[in-house]
RNA sequence: CGGGGUGUGGCGCAGCUGGCUUAGCGCGCUUGCUUUGGGAGCAAGAGGUCCCCGGUUCAAAUCCGGGCACCCCGACCA
């Protein structure tokens, strides 16, 4: 490709609406442009990168035994009613009406569509297992699109679905896909953490997320250096951590104290001269219209994702001041568990606490020397806090580190969540009808590009690995008025193309600096530089974007050298 | 949806507090000449419903009301 003819608008300045580094660089580098919030066009350069990523994903999915399909992006409402997810997805789904006013959606995911297909075509155990995948645009009316291409309302996803006769077969395929994912991210030059996750709206049992650590990640992970435990910070650890000892003897007498106007933890702890950690915060939530009191230590916050999954609720909301007053008899800031007639759920850490401070459900009043069991009962304990750096590891007791990352892949053990609601069954060798066991596996394909850029960049711009570079090589004749450089550039250009190498020839009549800056910004891995300096010595210079390394090679060896650099 | 912010040639911004000229600057763009190892120089140019609607006023980019769009922080997810 000739740069003079290539549609590649690069920007000198940072676009004002791009806060995150990868977003800024993708816009400046001419990879993408925004059309609306969370909706982006891919320009030729960005589309080339996306193509490279798609190729890698496709190769590894095929190698794992997957077969590619293409499912519709528009689905009728009835399909989603079968699984009950039309309601569940709600506003997060783009809805539309056809000319006869029949309801459709732009598909945010394809469990229903694939299950519909497979249930009608596969009737026998002989047709199983089956691993089908597609690479397709997904539509989600995200409440908050952000970080450029990281969280979009229209984005490219690879989604795969597997169907099995039993759990064992699912595990086999699950492992294959898991391994394929590791290879995909590695080939894209990404360093990936695989963590245990909460399956969320997709449903099912154990699931894993493939995360790239990034400062601008929107997911929070906890990592234990000691035992290697890794999980999404929203994943409850109830299964592995236990409630502490609640039997500690406490004889101090329960007492009311006046705390006029003190509605915050800070005010109360300062007034009573105690640490915030010795207070217990009582928060009133509504879980699908049912009020519940949530108890956590005064210095901690509730992780609403954990709470939601603990309560098995679809929506969860903090009660309003009016509702609180109605339910507890006191204004906000004075809620407490003693005498409260609500379902009571507490974080595990509360179980080990004795003689703590709580609200008294009475205006301007708190209680001191409060103790569980003696003064009130907890219905249920669970892991409900937002994890913070230094928390104990739920598995080994070591110290947890909290990091942020970008979720690139998610694998789910769906079990029979969809085959049951949608009646996807088959006959086994005994002629018995059974439910198919399913798995599903997603990769945010477009998002991978942002993740790579977050991990690989410098002050000059993007640094791309050869594997996903739009062009592995660019030729920079520094002075287009120099006939010698010009013809040499043309010769190298046709030689490289003859070798089947994609190359960008910067044939613009621009100063050297412009060419260097553009090449760096767009992240092209190998620069072939034709300038007076090296040509005087009869040599051609090669610069590597990743290391800044400069090589000088004989003209006759150039093509072989470039081929060698591309191979590694 | 709650909280915060922004909207002025293609891009980045100033002007708005305290209303009045022809709305300015940098980058980019066009033409010519010069230049060519890290976003080059000189000269001449093109390009604007100041987000939209309404109000106040002799007069609004500027003040007031409403709306829209976009960004950031929270709840959702690949």
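Values of log10 I(q)/I(0) for region A:64-122 across q = 0.12, 0.13, 0.25 Å⁻¹ run -0.32, -0.37, -1.08, by the Debye formula with one identical scatterer at each alpha carbon and no solvent. Taken as Cα centroids, region A:100-118 and region A:387-461 sit 22 Å apart, rounded to the nearest whole angstrom. Extending 7 Å from Cα along the Cβ direction at residue A:481 and again at residue A:63 yields two label points whose distance is 5.2 nm. Overall, the ratio between the Cα radius of gyration of region A:471-567 and 2.2 N^0.38 Å, rounded to two decimals, is 0.96.
For region A:149-193, the calculated P(r), taken from all Cα-Cα distances in 5 Å bins from zero up to the bin holding the longest distance, is 5, 16, 18, 20, 19, 13, 8, 2 percent. Ordering A:456, A:366 from the fewest to the most neighbouring beta carbons within 10 Å gives A:456, A:366.
Between the beta carbons of residue A:491 and residue A:467, assuming R0 = 25 Å, the FRET efficiency works out to 0.35 to the nearest 0.05.
If you find the alpha carbon centre of region A:474-517 and of region A:145-191, how far apart are they in angstrom? Here the two parts' Cα centres lie 39 Å apart. Between residue A:325 and residue A:565, what's the calculated FRET efficiency when r is the beta-carbon distance and R0 is 60 Å? Round to 0.05. With a Förster radius of 60 Å, E is 0.25. With Rh defined as the Kirkwood radius, the inverse of the mean 1/r over Cα pairs, the Rg/Rh of region A:6-127 is 1.09. Our helix-only sum for chain A, with -39,500 (n - 2.57) per DSSP H run of n ≥ 4 divided by its residues, gives a mean residue ellipticity at 222 nm of -8000 deg cm²/dmol.
Take the Cα atoms of region A:359-467, build their convex hull, and give its volume per residue in Å³.
375
Using Cβ contacts closer than 10 Å as the measure, can you line up A:516, A:210 from fewest to most?
A:516, A:210
Note on residue A:273 and residue A:19: with the Förster distance fixed at 60 Å, the Cβ-Cβ geometry gives a FRET efficiency of about 0.90.
Give me A:224, A:188, A:440, A:396 sorted ascending by neighbouring Cβ count inside 10 Å, so fewest comes first.
Listed from fewest to most nearby Cβ atoms, that is A:396, A:224, A:188, A:440.
Shape of region A:267-358 from the C-alpha gyration tensor: oblate (a/c of 1.5 or more and a/b not above b/c, with a ≥ b ≥ c the square roots of its eigenvalues). Size descriptor for region A:424-524, Kirkwood hydrodynamic radius: 17.4 Å (Cα pairs only, one decimal).
With 13 Å as the cut-off, how large is the P(r) tail for region A:390-445, expressed as percent of Cα-Cα pairs? The answer is 74 percent, as a whole percent. Between the Cα long axis of helix A:44-63 and the first principal axis of chain A there is an angle of about 70°, rounded to the nearest 10.
For chain A, a Kirkwood hydrodynamic radius built from all Cα pairs, placed in the Stokes-Einstein relation at 10 °C and 1.306 mPa s, yields a translational diffusion coefficient of 58 µm²/s.
Across region A:255-382, C-alpha contacts under 8 Å between residues 6 or more apart give a mean separation that, scaled by the residue count, equals a relative contact order of 29 percent.
Taken as Cα centroids, region A:209-239 and region A:351-380 sit 32 Å apart, rounded to the nearest whole angstrom.
Pairs of Cα atoms under 8 Å, at least six residues apart: use those to get the relative contact order of region A:153-233, whole percent.
Working: 70 pairs, mean separation 16.5, N = 81.
After rounding, I find 20 percent.
Between 0 and 90 degrees, the angle of helix A:512-522 with respect to the longest Cα principal axis of chain A falls at about 40 degrees.
FYI, it's all coordinate maths here, none of it is from the lab. All figures in this text were calculated on a predicted structure; none of them were measured in a lab. So basically every Cβ, Gly included, is an ideal-geometry build from the backbone, and we count neighbours across all protein chains shown.
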